[in-house]
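Please treat every number below as a calculation from the coordinates, not as lab data. Keep in mind it's a predicted model, so treat the numbers as computed, not measured. Positions of Cβ are backbone-derived with ideal geometry, glycine not excepted, and every protein chain shown enters the neighbour counts.
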């Protein structure tokens, strides 16, 4: 299952790594692909994810989830 999110505030490779690391640590997540140019984050998981958990992970990385 792939869910796409839009993340605001990422500007560099460190940003990509921070978001990938935090979101990738969520239970059930098997892959995270970040497109820095568009701010799109594609999350592959083995079950539906709680948007609040994804938002909290993105916030922990220092960025804003702007839509789910």
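What list do you get for 47, 55 if you sort them by fewest beta carbons within 10 Å?
Ordered by Cβ neighbours within 10 Å, fewest first: 47, 55.
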Practice prompt. Measure nothing but the geometry: give the 0 to 90° angle between the long axis through the Cα atoms of 13-24 and the longest principal axis through the Cα atoms of the chain, rounded to 10°.
Written response: 20 degrees
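Under the 0.36 nm per residue contour assumption, what length would be gained going from the current alpha-carbon distance of residue 53 and residue 66 to full extension?
Values: separation 13, 0.36 × 13 = 4.68 nm, distance 1.38 nm.
The residue 53-residue 66 span can extend by a further 3.3 nm.
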Item to complete: Could you state the angle between the C-alpha long axis of helix 51-61 and the longest principal axis of the C-alpha atoms of the chain, as a value from 0 to 90 degrees rounded to the nearest 10?
Response: 40 degrees
Fill in: Zero-based 10 Å bins, Cα pair distances in region 2-67, whole percents
24, 64, 11
